[in-house]
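Take a look at the structure below.
The values are calculated or read from the model by the stated rules, or taken from the named source; none is laboratory data. The model shown is predicted, which means the values in this text are computed figures rather than measured ones. Here Cβ is always computed from backbone atoms with ideal geometry, including for glycine, and neighbour counts include all displayed protein chains.
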Amino acid sequence: MFRPSFRVLARTDLKASKLTLEHFLLRTRALALYRNYLRATRDIPNPEARWETIQWFRDDFVKNKHVTETQDIKDLLMQGHRFLRQMQGQMSLAGASHSDTGKLRGTRRLP
């Protein structure tokens with residue numbers, strides 16, 4: 001009995017999903033936007049507030065995970081970039097008023 005290989009199954013799965021090159025490029029842009037959101041939260045001085053902000057971003061990305069129309073994805077990315085610029089502006093103002101607090105970054109513990 002003929003059993004298709006993993007590569008054949010992967011190709012048929014890819015054809016069934018109907019994802020185009022544009023979808024993969026938009027996925028890359030969405031991941032870059034998510035990383036930029038995470039970088040922007042480094043300036044939040046309160047660890048609990050930072051965690052809640054990261055969770056809020058993550059929930060928003062998960063909520064829109066199943067959007068497949070390229071125009072809808074582009075619109076969501078534009079909204080995301082607009083919000084990121086607004087947030088960075090607010091964080092720079094907040095950071096200027098709290099200059100004595102350090103950024104929340106990991107520290108290396110030496111033995």
Please determine, by comparing only the residues of the range 15-47 that are in a helix (DSSP H, G or I) and β-branched (V, I, T), which one is farthest from F57 (Cα to Cα). T28
Residue by residue through the range 23-46, note down the ones that are modelled with pLDDT under 90 and over 15 Å from the mean Cα position of the chain (by Cα). D43, I44, P45, N46
I need the full set of residues from the range 15-33 which are surrounded by 14 or more Cβ atoms within 10 Å (Cβ to Cβ) and within 20 Å of G89 (Cα to Cα), in order please. L33
Restricted to the range 57-68, and to residues that are outside any helix (DSSP H, G or I) and surrounded by 10 or more Cβ atoms within 10 Å (Cβ to Cβ), which residue is farthest from the chain's Cα centre (by Cα)? T68
